[in-house]
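The values are calculated or read from the model by the stated rules, or taken from the named source; none is laboratory data. Here the structure is a predicted model, which means the values were calculated and not measured. Positions of Cβ are backbone-derived with ideal geometry, glycine not excepted, and every protein chain shown enters the neighbour counts.
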Amino acid sequence: MTDKNRPGAAAAATGDTTENPGYRPLYKQVRDIITRRLAEGEWLPGAMLPSEQELARSLAVSQGTVRKALDAMAAENLIERRQGRGTFVSRQDDERVLFHFFRLRGDDGSHVFPESDVLGVTVDMPEEDEARILGISGTDGGIIRIRRTRSLGGRPVIVETLTLPAARFPGLDERDSLPNNLYVLFANEYGVSIARASERLKAVAADAHSAEILELAPGAPLLAIERVAYSIAGEPVEWRVSLCRTDMLSYASELR
């Protein structure tokens, strides 16, 4: 590792004090380096990371600093600590997506994962808001829009539109079918692991189109969930707008 890429090199050059506006704790610098290596595919989902001692030696930092960096990554669900076995890159599987990225619950409070029915997949040039949210410029190519419904017990409860940067998911629009859990597809087929997401919630009235799909009267109350999902590298790779029935689903969030 060159000096300029060594954790703390920049801080050391400026005196390494908390009064320096550019100062970042050493463990956060280590976290960024390991995360970047994950994003570059050095360790694939499910792979075991080197030991704390090995990472500390290669990064020229203390084992305690590495442990703190890995703890931060585990809190972000980027890696998994397994007692007595080691540290592994998190996989995108149904259980992880259900518990970390799907906040809707059934009337009894149980976790639910509705089945999907794709209404259409199209490729287009991004509209202004799509380009802004996904960070797409005119030279980055188009976007892929996926429109689908999601059902519980055969009854549609969600209608949603997903917008993806086409350059990150080549050929996705040509697939014969799409799985219910798209995040597993993103990780396994395109090397894009979803690390985190931000969501905004808003109460809206069903328009004629969404009301027909969700078997409701126009004007019925819906919960609109707008999500931006980010890759391990921190890049926005999905913008999703979901319109949800409020009589069969509730949104649950645990605050700590």
Scanning region 230-256 residue by residue, those in a loop (DSSP other than H, G, I, E, B) and among the β-branched types (Val, Ile, Thr) turn out to be ILE232, THR246
Would region 201-217 turn up any residue that is closer than 30 Å to GLY41 by Cβ and among the aliphatic types (A, V, I, L, M)? no
Do we have GLY191 as closer than 27 Å to PRO45 by Cα and under 19 Å from the mean Cα position of the chain (by Cα) here? yes
The lone condition LEU185 fails out of (1) surrounded by fewer than 19 Cβ atoms within 10 Å (Cβ to Cβ); (2) closer than 28 Å to GLU42 by Cα; (3) in contact with a helix residue (DSSP H, G or I) (Cβ under 7 Å, 6 or more places away or on another chain) is (3)
Given the criteria over 28 Å from GLU76 (Cα atoms) and surrounded by 19 or more Cβ atoms within 10 Å (Cβ to Cβ), does VAL159 qualify? yes
Within region 189-200, track down each residue that is surrounded by 15 or more Cβ atoms within 10 Å (Cβ to Cβ) and part of a strand (DSSP E or B). ILE194, ALA195, ARG196, ALA197, GLU199
Any residue in region 203-229 that's assigned to a helix (DSSP H, G or I): show its pairings with residues that are polar (S, T, N, Q) at Cβ separation under 8 Å, as long as the two are six or more apart or on different chains. ILE213/THR149
Looking at the structure I just gave you, is GLU226 within 30 Å of ALA47 (Cα to Cα) and of a type outside the set (Gly, Ala, Ser)? no
First in region 178-196 and within 18 Å of GLY120 (Cα to Cα) and without any contact (Cβ under 8 Å) to a residue 40 or more places away in the chain, second anywhere and outside any helix (DSSP H, G or I) and among the β-branched types (Val, Ile, Thr), Cβ under 6 Å, 6 or more apart: none
Hey, GLU199 closer than 25 Å to SER90 by Cα and either of a type outside the set (Val, Ile, Thr) or in the same structural domain as ASP129 (by TED's automatic domain parsing) (or both) or not: yes
Which members of region 212-230 meet the condition of being surrounded by 15 or more Cβ atoms within 10 Å (Cβ to Cβ) and over 27 Å from TYR183 (Cα atoms)? LEU216, ALA220
